[in-house]
Amino acid sequence: MNILVTGAAGYIGSHAVKALLSAGHRVVALDNLSRGHRVSIADDAHFVELDVRDTAAVLGVLRAEHIECVMHFAAFAYVGESVENPLLYYDNNTGGTLSLLRAVEQSECRRLVFSSTCATYGEPDSMPIREETAQNPINPYGASKLFSERMIRELSRKLPSFSCALLRYFNVAGVAADGTLGEHHDPETHLIPVVLQAALGVREKVVVFGDDYPTPDGTCIRDYIHVEDLVEAHIAVMEALRPGDLRVYNLGIGRGYSVKEILDAARSVVRRPFTVETGPRRPGDPPVLFADASRVSREIGWKAKRTDISATIESAWRWFQTHPMGYRD
Ligand code: UDP
């Protein structure tokens, strides 16, 4: 298939490009390079430097490249930043999706796989989170993605031949096993990279954001899915889409690890000391989030394979050791 990947220079987008090429698809990789890394886009993809908010230019690409499916990753994804600058998130994430959908509507492309998030659920009362769980986002990031989901739903109602998947990710972690790709955010705020940077000495310490949560060890529990499993799920879902489909799937491993459990697993991987301090809670962090990901396994036959958290951390550790400053190295 001819596939347009937006946000192709980002952490997940770059892994998706690589997996799509290995699966035999033709990839047009689109990114405005505002936060992504050009070097992370596989050479076999055709790179287009473009902002998804440029509707006319995106339409031009969809037509010229005979795109059959769009995988839409382009977005900002910092909860804290979204609270400080909500309009940036509605502009880039919701506005970006609106622009892309306008282009798709005018093109021949009738398949879309959308990068959504468990942040659209907010703080649910019960775990695990199912796709039917009410969506009540508690920050602009989650809301910007929920609005995008709604626009996609509306468009799919209007276009009978359209098919789409809304994929709600939990915590994505790890990097490509062959060492060709990494994870580089600026600033880095995600737990596993932060821990590995502390172990490498490029960061002074790890601060645990609260140890007084109502969980067995007092720290927050999250569902960490390996990025290679995540992108394989995208391909399996994309290939299963039929005209008229609107599929919604949680992508997680279906169990949670606490911050302390991640620290213990990381210690056994890195085998060197690093400083850990306990700090105050980070605003907006729900105590426990993990997925019921049984629907995607039932309907598509996809299930996470890389569920050993130490192996996930190990994959990232191999990359960080050679790239302590990320793609700058
Ligand atoms: N966390 C932490 N210290 C850090 C970064 C994260 O204690 O330096 C915690 C955070 O409070 C959350 C979990 O680790 O409970 C995962 O956070 P991350 O930012 O990786 O992902 P999020 O769950 O926010 O998407």
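Observations on the model:
- Accessible area of the chain divided out per residue, in Å², using a probe of 1.4 angstrom: 42
- Stretch gain in nm, segment N2-R242, where the contour uses 0.36 nm per residue and the Cα spacing is subtracted: 84.8 nm
- For the chain, the longest principal axis of the Cα atoms and the long axis of helix 309-322 meet at an angle of about 90 degrees.
- The long axis of helix 55-64 is offset from the longest Cα principal axis of the chain by roughly 70 degrees.
- Full-extension gain in nm, D125 to K158, via 0.36 nm per residue minus C-alpha separation: 8.5 nm
- For trypsin sites (Lys or Arg not before Pro), the sites in the range 155-210 that DSSP calls loop and that have at most 14 other Cβ atoms within 10 Å are K205.
- Look at the alpha carbon pairs under 8 Å that are at least 6 residues apart: their mean separation over the length of the range 68-219 gives a relative contact order of 22 percent.
- With K and R counted +1 and D and E -1, the other residues having a Cβ less than 9 Å from that of G96 yield a net charge of -1.
- Cβ-defined net charge surrounding P137, 10 Å radius [Lys, Arg +1; Asp, Glu -1]: 0
- Neighbour-limited loop hits for trypsin sites (Lys or Arg not before Pro), the range 85-133 (at most 16 other Cβ within 10 Å; DSSP other than H, G, I, E, B): R130
- Value of relative contact order over the chain, rounded to a whole percent, pairs C-alpha under 8 Å and six or more apart: 18
- Each of C109, S126, L87 was scored by the projection of its Cα onto the charge dipole of the range 87-149, and the greatest displacement toward the positive side belongs to C109; charges sit on the C-beta of Lys, Arg, Asp and Glu.
- GNM flexibility winner over the chain from R247, R26, R282 (Cα, springs under 10 Å): R282
- Taking 12 Å as the cut-off, the amide N atoms of the range 92-130 that come nearer than this to a point 7 Å along the Cα-to-beta-carbon line of S294 belong to 128-130.
- Over the range 1-118, the reciprocal of the mean inverse Cα-Cα separation, the Kirkwood hydrodynamic radius, stands at 14.1 Å.
- Rounded to the nearest 10 degrees, the inclination of helix 227-240 to the longest alpha-carbon principal axis of the chain is 30 degrees.
- Full extension of the chain between V202 and D43 gives 54.3 nm of extra length, using 0.36 nm per residue less the Cα-Cα distance.
- Whole-Hz ³J(HN,Hα) from phi, Karplus 6.51 cos²θ - 1.76 cosθ + 1.60, for the range 278-295, glycine and proline x: 9, x, x, 4, 8, x, x, 8, x, x, 9, 9, 8, 8, 9, 9, 6, 5
- List S115, S297, ordered by accessible area with a 1.4 Å probe, largest first: S297, S115
- At an R0 of 22 angstrom, the distance between the Cβ atoms of H66 and S22 translates into a FRET efficiency of 0.55.
The values are calculated or read from the model by the stated rules, or taken from the named source; none is laboratory data. Bear in mind that the values here come from a model prediction, so they are computed numbers and not experimental data. Methodologically, a virtual Cβ is constructed for each residue, glycine included, from the backbone with ideal geometry; neighbour enumeration extends over all protein chains shown. In case anyone asks, the SASA skips ligands and DNA or RNA and just uses the protein heavy atoms, side chains included. Shrake-Rupley method; radii C 1.70, N 1.55, O 1.52, S 1.80 Å.
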